[in-house]
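Below is one structure, written out as structure tokens; comments come after it.
Values in this text are rule-based calculations from the coordinates and carry no lab data. Everything numeric in this text was worked out from a predicted model, so none of it was measured. Quick reminder, even Gly has a Cβ in these numbers, built from the backbone with ideal geometry, and neighbours come from all protein chains shown.
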Amino acid sequence: MAETFSSGEARYWPIYSSNTTDSNSPYASLLRLVRSHSPTSSQLFAYLALFISSGILLFLLGVTVTAAVLGFIVFLPLIIISSPIWIPVFVVVGGFLTVTGFLVGTVTVVSWTYRYFRGMHPVGSDQMDYARSRIYDTASHVKDYAREYGGYFHGRAKDAAPGA
């Protein structure tokens, strides 16, 4: 039995018994369903590649975690003995990196704001202009609605409590 697909390739399926070839057999409809959902060779290759690469990465993760735990166990006495030196070093280095990061962030924000207000169009200024126009449009819509109908919440108390 051969099936021809739209790509032109033909697949030959084995016939296990004569009952599977009958068109009104429940087995034939089940086989047609299974055949229509069977993966192609490229999909099988992709699954195989995914399985192999996942296995390799899982193995490397295990080696890395094992090496880190063993290294921590081996160097723990040295870490404990030298901790009076390392703790202040970490505090000083961490503080320096924190202050430097905040300084770089502040200089970046101030520089962007200066270029934006001077009309130099820095990166993202078009999105800022769009957001500003949307906020202005919404505010003017709310103001017009409030002026026309006497407020946004005018008559809403009656809707919440009809008997009141």
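Has the range 95-105 got at least one residue that is over 33 Å from the mean Cα position of the chain (by Cα) and over 30 Å from MET128 (Cβ atoms)? No, that holds for no residue. May I ask you to verify whether VAL110 is among the β-branched types (Val, Ile, Thr) and surrounded by 10 or more Cβ atoms within 10 Å (Cβ to Cβ)? Yes: the conditions hold for VAL110.
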